[in-house]
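Enquirer: First the structure, which I've put down as structure tokens, then a few questions once you've had a look.
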Amino acid sequence: MKTILVVDDESMIRESVSSYLEKQGYQVFSAETGREALRIFESEQISLLVLDLMLPDLSGEEICKTVRSQSRVPIIMLTAKTMEDDMLNGLDLGADDYITKPFSLKNLYARVRAVLRRASDDLEPLAEKIFWNDGDLAVDYDRKEVYKKGRAIAVTPIEWKILMALTKYPQKVFTRENLIELVFDLDFSGYDRVIDTHVKNLRKKIEDDPKNPVYICTVHGMGYKFGSRV
């Protein structure tokens with residue numbers, strides 16, 4: 001099930017959009033303020049944001065910028081602004097689509113479906129090569145290479161897919177089931193704990209102290225997340 005975060009300070013819009021999307025089969029979270037939206041985004045596995053630009057605390061542009069520094073999750077900007085410069089600015093910040101108020105729920109739903117369709121699951125990274133902790137860990141996504149303290153290390157195809165998934169959405173919690181769907185074929189019939197073995201092996205390669213990891217962190221009772229920011 002795709003999970004959508006609806007962010008709007010107008011309760012009528014927030015509630016009607018949330019209700020309509022839930023009827024279409026989506027799981028929906030809603031937020032009235034920017035700070036609340038970022039808190040939910042950090043704690044939940046969000047598939048798409050419907051984001052109003054005019055919020056009482058943080059602007060939609062600020063939220064978009066923050067989200068884009070961490071993730072490629074699709075964003076539809078929702079606003080009363082109609083000036084072309086505002087639309088272009090939103091798209092320049094990384095929004096995937098733009099819809100102005102007033103709008104029909106059917107139109108918004110069509111946009112949501114289209115954006116989610118375009119959002120690939122190919123684990124496209126935020127950049128071709130990313131460094132963490134002053135180069136302690138580096139991942140070259142184009143060449144599919146991983147470096148620890150400047151030295152290339154060998155990772156298996158499964159380890160690579162796990163690392164790609166986690167680094168694509170830093171700070172996001174992945175359940176074992178999430179990772180199985182991403183790294184194995186759909187007909188996988190093994191135990192979900194097999195992910196733990198691959199994570200353990202990957203930690204031995206990229207962590208200074210595998211028992212106290214700073215990159216691949218365990219979220220007890222839930223799964224794993226990539227705990228370090230660029």
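The values are calculated or read from the model by the stated rules, or taken from the named source; none is laboratory data. All figures in this text were calculated on a predicted structure; none of them were measured in a lab. Here Cβ is always computed from backbone atoms with ideal geometry, including for glycine, and neighbour counts include all displayed protein chains.
Enquirer: Any chance you could count how many residues in the range 14-25 are buried (at least 19 other Cβ atoms within 10 Å of the Cβ) and in contact (Cβ under 8 Å) with a residue 60 or more places away in the chain?
Expert: Selection size over the range 14-25: 2.
Enquirer: Still on this model: Please determine, by comparing only the residues of the range 77-105 that are of a type in the set (Gly, Ala, Ser) and surrounded by fewer than 19 Cβ atoms within 10 Å (Cβ to Cβ), which one is modelled with the highest pLDDT.
Expert: Within the range 77-105, the match that is modelled with the highest pLDDT is Ser104.
Enquirer: Report the residue count in the range 56-76 for those that are assigned to a loop (DSSP other than H, G, I, E, B), within 19 Å of the chain's Cα centre (by Cα) and surrounded by 15 or more Cβ atoms within 10 Å (Cβ to Cβ).
Expert: 5
Enquirer: Follow-up. Being modelled with pLDDT under 85, more than 29 Å from Ala95 (Cα to Cα) and surrounded by 14 or more Cβ atoms within 10 Å (Cβ to Cβ): is that true of Val115 here?
Expert: Considered against the rule, which asks whether it is modelled with pLDDT under 85, more than 29 Å from Ala95 (Cα to Cα) and surrounded by 14 or more Cβ atoms within 10 Å (Cβ to Cβ), Val115 comes out as no.
Enquirer: Now, a different point. Could you list, in sequence order, all residues of the range 1-55 that are part of a helix (DSSP H, G or I) and of a type in the set (Val, Ile, Thr)?
Expert: Ile13, Val17, Ile40
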